[in-house]
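> Quick one: the structure is below, questions incoming.
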Amino acid sequence: MEQPVISLRGATASLGSRPVLRGVDLAVHRGEVVALLGANGSGKSTAVRAVVGQVPLTGGELELFGTPRRRFRDWSRVGYVPQRTTAASGVPATVREVVSAGRLARTGLGPTRKADREAVTKALELVGMADRIKDSVNALSGGQHQRVLIARALAGEPELLIMDEPMAGVDLASQEVLAKALREEVARGATVLLVLHELGPLEPLIDRAVVLRDGCVVHDGPPPQAVGQHALPGHDHVHPHADPAAEPIRTGLLS
Ligand SMILES: Nc1ncnc2c1ncn2[C@@H]1O[C@H](COP(=O)(O)OP(=O)(O)OP(=O)(O)O)[C@@H](O)[C@H]1O
Ligand SMILES: [Mg+2]
């Protein structure tokens, strides 16, 4: 059988003196779309940051594309959208500069080629932000900024796309745009790991859900359905009949 694109086995990690991942097993296979779910503080961001090499493991094993993490160098194959922070960057970069940074692993610091410029434009079109390419990112709203960060990850045309709560602070119309962009990435053959609080418009794309609780995997299987969510612990339920246009469907996994 083909090697998983991401293989995390028995992963442990601590932040400060606190154990945050306590033996996480997570495998994502080529072409899969996996949602990583769980309550605030359950370790979702730490798990994806461990995968992209930003948090060291204290135990267990990590392989990317079948290569042990310590030997893995091919970061151009990976696109990463970190969880949004409220801190303003203060750096007056333009939208074009930020999205072009997503090509750096491919281009190095050499001159941008036509293919790079086209990839940047295409990524911005995918998230519906092409008309803002010359604007300073400081002139964007929170949700627009998030879409630019997604475009940055898409611009590198990664084989593996990892996004930490890409829909946070993004309105429903833009979520639909992003869902379409992601569908195109999947059609192109991308493998996707998404941290989510609610499946929303992404629900039809998701093959499998992994749920963390206190740094441990408590579910790995079919995504939880909008119906039957009362069965899940700590559900935060919005009734599906209560104006579906106003509120994305909640999975009940946000406690
Ligand atoms: N830099 C840090 N130093 C110490 N502890 C941290 C640090 N970052 C996160 N933690 C702790 O690690 C635990 C897991 O955090 P993590 O950010 O992975 O959770 P999460 O599942 O992504 O939560 P959220 O849904 O709020 O994004 C939390 O208890 C958090 O307080
Ligand atoms: Mg997080």
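What follows draws every value from the coordinates through simple rules; no lab data is involved. Owing to the predicted nature of the structure, the values given are computational and were not obtained by experimental measurement. Methodologically, a virtual Cβ is constructed for each residue, glycine included, from the backbone with ideal geometry; neighbour enumeration extends over all protein chains shown.
> What number comes out for the charge environment of residue 76, summing +1 per Lys or Arg and -1 per Asp or Glu over other residues with Cβ under 11 Å away?
+1
> Kindly identify the stretch 127-183 as rounded, prolate or oblate by the Cα gyration tensor criterion: order the square roots of the eigenvalues as a ≥ b ≥ c, call it rounded if a/c is under 1.5, otherwise compare a/b with b/c, prolate if a/b is larger, else oblate.
oblate
> Still on this structure, I have one more. Spin-label point model (7 Å from Cα, Cβ direction): what's the residue 134 to residue 115 distance in nm?
2.8
> Which of the peptides 180-191, 204-215 is most tightly packed, and how do the rest follow, judged by the mean count of other Cβ atoms within 10 Å per residue?
The packing order, highest mean first, is 204-215, 180-191.
> With a point put 7 Å past each Cα toward its Cβ, work out how far residue 106 is from residue 208 in nm, to one decimal.
Taking the two extended label points, one gets 2.8 nm.
> What shape does the stretch 179-220 have by the C-alpha gyration tensor, where a ≥ b ≥ c are the square roots of the eigenvalues, rounded means a/c under 1.5, and otherwise prolate means a/b greater than b/c and oblate the rest?
prolate
> For the stretch 1-77, what is Rg from Cα atoms divided by 2.2 N^0.38 Å, rounded to two decimals?
So the Cα radius of gyration is 1.07 times the expected 2.2 N^0.38 Å.
> Of the trypsin sites (Lys or Arg not before Pro) in the stretch 1-94, which ones lie in a loop per DSSP and count no more than 11 other C-beta atoms within 10 Å?
73
> For the stretch 1-151, taking Cα atoms only, what is the radius of gyration to one decimal and the Dmax to the nearest whole Å?
Reported Rg and Dmax, both Å: 17.5, 48.
> Could you check the spin-label model distance between residue 58 and residue 2? Points 7 Å from the Cα along Cα→Cβ, value in nm.
3.6
> State, as an integer percentage, the relative contact order of the stretch 6-231 based on alpha-carbon contacts under 8 Å between residues 6 or more apart.
Rounded, it is 30 percent for the stretch 6-231.
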